[in-house]
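Here is the structure we will look at, set down as structure tokens.
Read-outs throughout are calculated quantities, based only on the coordinates presented, and are distinct from any laboratory measurement. Nothing here was measured: the structure is a model prediction, and the numbers come from that model. Positions of Cβ are backbone-derived with ideal geometry, glycine not excepted, and every protein chain shown enters the neighbour counts.
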Amino acid sequence: MSFEPGDREQVEEIVGSVRRAALDQPRQEYSLAAVDPSGLLVAFARLAVDTVHPRQNSGQIGFAVRADQWGKGIGGQVVNLLCRLAFDDMGLYRVWGARSPVNESSARVMGRAGMIEEGVIRGHIRVGDGYRDSVVHSILLPEWKTRTAA
């Protein structure tokens with residue numbers, strides 16, 4: 001992750017930001033909370049439409065799964081849901097996500113969703129007192145259509 005776990009006040013601000021973004025018109029951010037049958041939050045995911053270059057018709061995804069839920073397929077489910085929203089409902093052409101170079105689990109999740117590793121953004125994220133690289137993965141609309149047609 002590019003951030004440490006937050007305290008209650010920080011989490012409340014994040015939730016408030018998500019709620020405000022859901023009311024924006026036109027809407028540019030979509031968030032997804034995944035819960036288990038008991039109502040426990042097990043994952044959070046987000047799709048942000050590129051507003052800096054709107055003609056690019058792309059969106060960035062990010063996702064986090066509780067450590068005690070890793071390996072259960074939840075990450076793949078939320079990534080696929082966000083891709084379905086982006087491509088099938090919103091008509092985006094490109095969806096991309098970035099991960100830490102050491103996060104091989106996210107690499108596998110994005111790979112299983114059909115996302116291709118594109119390359120490295122050097123010094124992309126400030127973490128603590130330094131910077132870390134990010135590895136970018138993406139999938140294009142024609143690739144998504146091929147995957148979902150099967």
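Do the sum for the chain: with -39,500 (n - 2.57) for every DSSP H run of n ≥ 4, divided by all residues, what is the mean residue ellipticity at 222 nm, to the nearest 500 deg cm²/dmol? Write down the numbers at each step before the final one.
Numbers: 4 runs with 45 residues, N = 150.
One gets -9000 deg cm²/dmol as the mean residue ellipticity at 222 nm.
Per 5 Å bin, what is the whole-percent P(r) computed from every C-alpha pair distance within segment 8-149?
2, 9, 17, 21, 21, 18, 9, 2, 0, 0
Multiply the residue separation of Ala48 and Thr148 by 0.36 nm, subtract the distance between their alpha-carbon atoms, and state the gained length in nm to one decimal.
33.8 nm
Let me make sure I get this right: for segment 102-150, a, b and c are the square roots of the gyration tensor eigenvalues over alpha carbons, sorted descending. Under 1.5 in a/c it's rounded, otherwise prolate if a/b > b/c, else oblate. Which is it?
prolate
Over the chain, with a Gaussian network built from C-alpha contacts below 10 Å, which listed residue (Val109, Val42, Val78) shows the highest mean-square fluctuation?
Between Val109, Val42, Val78, it is Val42 that shows the largest mean-square fluctuation.
So which residue, out of Glu29, Glu117, Glu13, gets the largest mean-square fluctuation from a GNM of the chain using Cα contacts under 10 Å as springs?
Glu13
When the chain is modelled as a GNM with alpha-carbon springs shorter than 10 Å, which of Gly39, Gly76, Gly16 fluctuates the most?
Gly39
Suppose R0 equals 22 Å; then what is the FRET efficiency for Ile121 and Arg19 from their Cβ-Cβ distance, rounded to the nearest 0.05?
0.15
If the chain between Arg8 and Ala33 were fully stretched, how many nm would it gain, using 0.36 nm times the residue separation less the Cα-Cα distance? The partial results should precede the final answer.
Numbers: separation 25, 0.36 × 25 = 9.00 nm, distance 1.73 nm.
Using 0.36 nm per residue and subtracting the Cα-Cα distance, I get 7.3 nm.
Need the C-alpha centroid separation for segment 43-68 versus segment 103-122, integer Å.
Spelled out, the Cα-based centre of one part sits 14 Å from the other.
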